[in-house]
1. I'd like to verify a number: residues in region 124-136 that are within 17 Å of residue 146 (Cα to Cα) and within 11 Å of the ligand (Cβ to nearest atom), how many?
2. Within region 179-232, which residues are buried (at least 23 other Cβ atoms within 10 Å of the Cβ) and more than 16 Å from the ligand (Cβ to nearest atom)?
3. Identify the residue in region 167-178 that is touching a helix residue (DSSP H, G or I) at 6+ places or on another chain (Cβ under 8 Å) and assigned to a loop (DSSP other than H, G, I, E, B) and, among all such residues, is surrounded by the most Cβ atoms within 10 Å (Cβ to Cβ).
4. Could you check, for region 233-244, whether at least one of its residues is without any contact (Cβ under 8 Å) to a residue 60 or more places away in the chain, within 16 Å of the ligand (Cβ to nearest atom) and either in a loop (DSSP other than H, G, I, E, B) or out of contact with any strand residue (DSSP E or B) (no Cβ under 7 Å at 6 or more places or on another chain) (or both)?
5. Within region 209-248, track down each residue that is in contact with a helix residue (DSSP H, G or I) (Cβ under 9 Å, 6 or more places away or on another chain), over 25 Å from residue 33 (Cα atoms) and at pLDDT below 95.
6. Which of the residues belonging to region 132-156 are in contact with a helix residue (DSSP H, G or I) (Cβ under 8 Å, 6 or more places away or on another chain) and either closer than 15 Å to residue 177 by Cβ or assigned to a helix (DSSP H, G or I) (or both)?
7. Only strands (runs of 3 or more DSSP E) wholly contained in region 14-123 count here; list those with 3 or more residues that are within 16 Å of the ligand (Cβ to nearest atom), in contact (Cβ under 8 Å) with a residue 40 or more places away in the chain and under 20 Å from residue 162 (Cα atoms).
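The values are calculated or read from the model by the stated rules, or taken from the named source; none is laboratory data. Note that this is a predicted model, so its numbers are computed, not measured. Quick reminder, even Gly has a Cβ in these numbers, built from the backbone with ideal geometry, and neighbours come from all protein chains shown.
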Ligand code: TMP
């Protein structure tokens, strides 16, 4: 499996060298971490589900003209993506107060925000990803003013797309985190949406019950994380419930038109 050169290993994914120049393979692990990896568990099946959910979302975004790193899914845990120079900023978009904004500003969890709010965090584990201002991004040259404008307008388009997608399946999009990178081709440079979009980096609440269908189940020791992720995938039409009367039904991947499932590596 690892005949390929590993370029980078993060908390939830591994990046391997790709088959062609300018590409890399993004491998989704089952590792779940929170609080800068102070909390860590292996959640069996998480990587497979996130690979599929992220593929589905990136394809949908591509169809509305958002440029992303996604090329194609290779197998159950891996995607072929464009090689990028990652911009070291986490872009968070919030529609409803939860998590760190609730704590920081004393806003009760669940409060509708007056409009979507974009926040930036500097990607640095040693510093616990501190919140930063556009001013820092500019002054330290992490991105140019033009790039920040593009990142912010894309983040809002992603928010509109995701909010609509999830609303259609009875899920409220509370907030999410995305990342961007630069692709260099000949003398051209463009900014692409990178990383992943999955219940690992979104807050998703059931519209009727407010049940959390995201990584807060792990952060807050609520249990049922994989079942919640499966629920999201089932509602998106990516998984079949596949209930064979088992205590914990094993969802079945809905077949797709790609040959990807045939050459799965695990
Ligand atoms: P926060 O409320 O903890 O700042 O999180 C905002 C959103 O960003 C939430 O959907 C979870 C996501 N997130 C990540 O994807 N990675 C992280 O390291 C953190 C802290 C949050």
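1. The number of residues fulfilling the criteria is 0.
2. 230
3. Kept after step one, since they are touching a helix residue (DSSP H, G or I) at 6+ places or on another chain (Cβ under 8 Å), are these residues of region 167-178: 169-173, 175-176, 178.
Retained after the next criterion (residues that are assigned to a loop (DSSP other than H, G, I, E, B)): 169-170.
Working: 169: 15, 170: 13.
Ranking the candidates gives 169 first.
4. Pass one, region 233-244, residues without any contact (Cβ under 8 Å) to a residue 60 or more places away in the chain: 234, 237, 240-244.
Adding the requirement that they be within 16 Å of the ligand (Cβ to nearest atom) leaves none.
Checking region 233-244: not a single residue is without any contact (Cβ under 8 Å) to a residue 60 or more places away in the chain, within 16 Å of the ligand (Cβ to nearest atom) and either in a loop (DSSP other than H, G, I, E, B) or out of contact with any strand residue (DSSP E or B) (no Cβ under 7 Å at 6 or more places or on another chain) (or both).
5. 240, 241
6. Residues of region 132-156 that are in contact with a helix residue (DSSP H, G or I) (Cβ under 8 Å, 6 or more places away or on another chain), as a first pass: 134, 137-138, 142-145, 148.
Selection gives 134, 137, 138, 145, 148.
7. Fully inside region 14-123 and qualifying: 89-96.
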